[in-house]
Each structure stands twice: as structure tokens, then as C-alpha cells.
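Just so it is clear, none of the values below were taken in a lab; they were calculated from the coordinates. A quick note: this is a predicted structure, and the numbers were derived from the prediction, not measured. Cβ coordinates were reconstructed from backbone atoms using ideal geometry, including for glycine residues, and neighbour counts include every protein chain displayed.
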Amino acid sequence: MTQLREIYFCEICGNVVEILNEGAPTLVCCGIPMVKLVAKTEDASTEKHVPFVEEVEDGILVKVGQNQEHPMLENHYIKFIEVLTCCKVYRQELKPDNKPEAFFPVKKEEIIEVREWCNLHGLWKS
Ligand SMILES: [Fe+2]
């Protein structure tokens, strides 16, 4: 059964879906069940994926890669960064020529989860 804010991925066409209304038994795309993405929290590679939150004036700056920026290439980049609070989901969509970071007008103590999706390496959270 789907849950609010879960993210699903189609392994055939690459479709990504976020649940806005929970309760469906299965999501199907391209004739097969979509895979629920479980956000990873540790990155052993040198290429960092875990979102890093920095408090700035009037909000937070989320960077993907604390000391080393995640690549933003045509075939490998951060597609979006999301900040989840009790009753809002903030999403910054990114393109390959953007920096892998985003500002959100959110207080750090309001954050339930920060997550990002890399088109090659999947979903990551902090
Ligand atoms: Fe990546």
C-alpha cells in the first residue's frame, strides 16, 4: 500500500512518481510494478550524495556533497532536492548546468527530512 510522500521508480522507462494520495495497492508503469525508492544515508564513494544542510539568512541551503560537489553532467546529475516539513514538501528541480544545491525558506528545526535524487545513484536523505 502506498504511503504519502513515497517515491517510486520505473526500471524500464525511468519514470519517477511521488505519492500525493496514499492507499494504492501497487503502482504499475510499462506493465510492471514500480519500485519504491528507499533513501540511502551513507556514501562510501568519493562522490558524495548525502544532502548537507547549512543554515543561512531566512532559511537553509541544501548542498549535495558537503566538501565535494556532486557532478552535474548531462548524463549524471541531481534532478531534484526536497525538504519535507510537517505539512509541506519543498522541491527544487535542477538541470545539468545548475549547482547541486538549493535554498529553501525553512527553519532548520522544521525539517523532517531532506532528500535528493541522483539520476544514476538514486534517492539519498539526511
Ligand atoms: Fe550520483
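For the chain, leaving out every one of the trypsin sites (Lys or Arg not before Pro) that falls in a DSSP loop and has at most 16 other Cβ atoms within 10 Å, the longest unbroken run is 6-87.
Specify whether the C-alpha gyration tensor of segment 55-126 places it in the rounded, prolate or oblate class, a ≥ b ≥ c being the square roots of the eigenvalues: rounded for a/c under 1.5, otherwise prolate if a/b is larger than b/c and oblate if not. List each step's numbers first, then the result.
Details: a/c = 2.10, a/b = 1.68, b/c = 1.25.
Taking the square roots of the gyration eigenvalues as a ≥ b ≥ c, segment 55-126 is prolate.
Gap in Å between the Cα centre of segment 28-81 and the Cα centre of segment 93-116? Taking the Cα centre of each part, segment 93-116 and segment 28-81 sit 9 Å apart.
Please compute the length gained on full extension between F103 and C30, using 0.36 nm multiplied by the number of residues separating them and subtracting their Cα-Cα distance.
22.8 nm
Each residue of segment 110-126 was assigned a 3J(HN,Hα) from its phi angle through the Karplus curve 6.51 cos²θ - 1.76 cosθ + 1.60 (θ = phi - 60°); the sequence is 7, 6, 9, 7, 10, 9, 9, 10, 8, 5, 9, 10, x, 8, 9, 9, 9 Hz, with glycine and proline shown as x. If both residues of a DSSP beta bridge must be in the chain, then about 95% of such bridges are antiparallel.
First measure r as the distance between the Cβ atoms of E54 and E74, then evaluate 1/(1 + (r/R0)^6) with R0 = 25 Å and state the FRET efficiency to the nearest 0.05.
Taking R0 as 25 Å, the efficiency between E54 and E74 is 0.35.
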